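Heads up: the structure comes next, in structure tokens.
The values are calculated or read from the model by the stated rules, or taken from the named source; none is laboratory data. No experiment lies behind these values; they were computed from the predicted model shown. Quick reminder, even Gly has a Cβ in these numbers, built from the backbone with ideal geometry, and neighbours come from all protein chains shown. SASA here: full protein model, heavy atoms, side chains in, ligands and nucleic acids out. Shrake-Rupley method; radii C 1.70, N 1.55, O 1.52, S 1.80 Å.
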Amino acid sequence: MLLIGWTVVQPDSAAAQCRLCAAVPSSASSAATSGETETPLNIEITANLDFSRLALLSRAGGEVELDPESRQRRISGGITDLGGLSLHGEGRLTGEPGRLVRVQLPERITLSAPNGSTAELVKLDTDLPAQARLDRDGRLTFSFGGKLRVTGSASGQFRGRIAITANYE
């Protein structure tokens, strides 16, 4: 049995403080020409993604999924739960009230442990609807999760950074 320590995934700090860099939509461009400035879109990560303590029972490996919508954790394959609290990630967007936004997550992240072992985080997703909108105070909170895939003789405390980006629609 190979121990997989606390698995914590932290967002990329540069991407977590993402500011709007895209072209200004036509409705906002008239505000910009009249001297008004567009409110920057910011991301703050309020909770890191944590898969808890796990043990790898076979070289074939297995997966642990944290679903951001149901907030359920599912374990499959040759992995067993050693207890502890798993957490889906949480973020907060702030920007111009009422604006539509798009949050993008990478398709896969390679996580690494201090001993050189690696694991993959795949199928990253949020609980945001297809057309996410900032509220009247310019805020929107969301959860994110994904699947941790571990194979071979991987062990250790895996860490990585998730480059989360957000833009106005």
Worksheet item: Can you pull out the residues in the stretch 117-131 that are out of contact with any Leu (no Cβ under 9 Å at 6 or more places or on another chain) and either open to solvent by 60 Å² or more (accessible area, probe 1.4 Å) or within 13 Å of K147 (Cα to Cα) (or both)?
Response: K123, P129, A130
Worksheet entry | Contacts under 9 angstrom Cβ, first residue in the stretch 153-168 being surrounded by 20 or more Cβ atoms within 10 Å (Cβ to Cβ), partner at pLDDT 95 or above and of a type in the set (K, R), 6 or more apart | A166/R102; Y168/R99; Y168/R102
Practice prompt. Can you tell me which residue among T118, T141 is more than 30 Å from R59 (Cβ to Cβ), polar (S, T, N, Q) and touching a strand residue (DSSP E or B) at 6+ places or on another chain (Cβ under 7 Å)?
Written response: T141
Worksheet item: How many residues does the stretch 63-79 contain that are in contact (Cβ under 8 Å) with a residue 40 or more places away in the chain and not acidic (D, E)?
Response: 5
Worksheet item: Quick check: is even one residue across the stretch 132-152 of a type in the set (S, T, N, Q), open to solvent by 10 Å² or more (accessible area, probe 1.4 Å) and more than 16 Å from V101 (Cα to Cα)?
Response: yes
Worksheet item: Within the stretch 46-76, how many residues are under 17 Å from V122 (Cα atoms), in a strand (DSSP E or B) and open to solvent by less than 70 Å² (accessible area, probe 1.4 Å)?
Response: 10
